[in-house]
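Here's the structure we're looking at; comments come further down.
What follows draws every value from the coordinates through simple rules; no lab data is involved. All of these numbers come straight from a predicted model, not from anything done at the bench. Because the Cβ atoms are built from the backbone with ideal geometry, glycine has one as well, and the counts that use them run over all protein chains shown.
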Amino acid sequence: MKGADGPYRAHTRGMTQFSTTFNGYDRTEVDSFVQQTNDALTSDDPARRAKAEAAAGSVTFHTAWRGYDRATVDTYLRKISRGRPTD
């Protein structure tokens, strides 16, 4: 990842950081999903946490100019779907 003056910039959403690229996942969609997922994963409701993990395995995002790097987001989603978001 290059610095803020290069083609990639890091964005932090909660505890998650994604770099941007020229054609990546729509940032608004990803941010919304990450917020909802983080809220669910930190809840005391095991069913809500399980739903968030399942959703991470099946969610899709539109692509957009200056979106989040797809590989980085996909790696994050795989971790969530396995129940290990901080690994």
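So what does log10 I(q)/I(0) come out to for the stretch 10-81 at q = 0.22 Å⁻¹, using the Debye formula with one equal point on every Cα and no solvent? Treating every Cα as an identical point scatterer, log10 I(q)/I(0) equals -0.91. With the simple spin-label model, which puts each label point 7 Å out from Cα in the Cβ direction, the residue 60 to residue 75 separation comes to 2.5 nm. Take the Cβ atoms of residue 82 and residue 23, set R0 to 22 Å, and the FRET efficiency comes out at 0.20.
Normalised by the number of residues in the stretch 10-81, what is the relative contact order in percent for Cα pairs under 8 Å and 6+ residues apart? Could the numbers behind the result be given before it?
On the way: 94 pairs, mean separation 32.2, N = 72.
45 percent.
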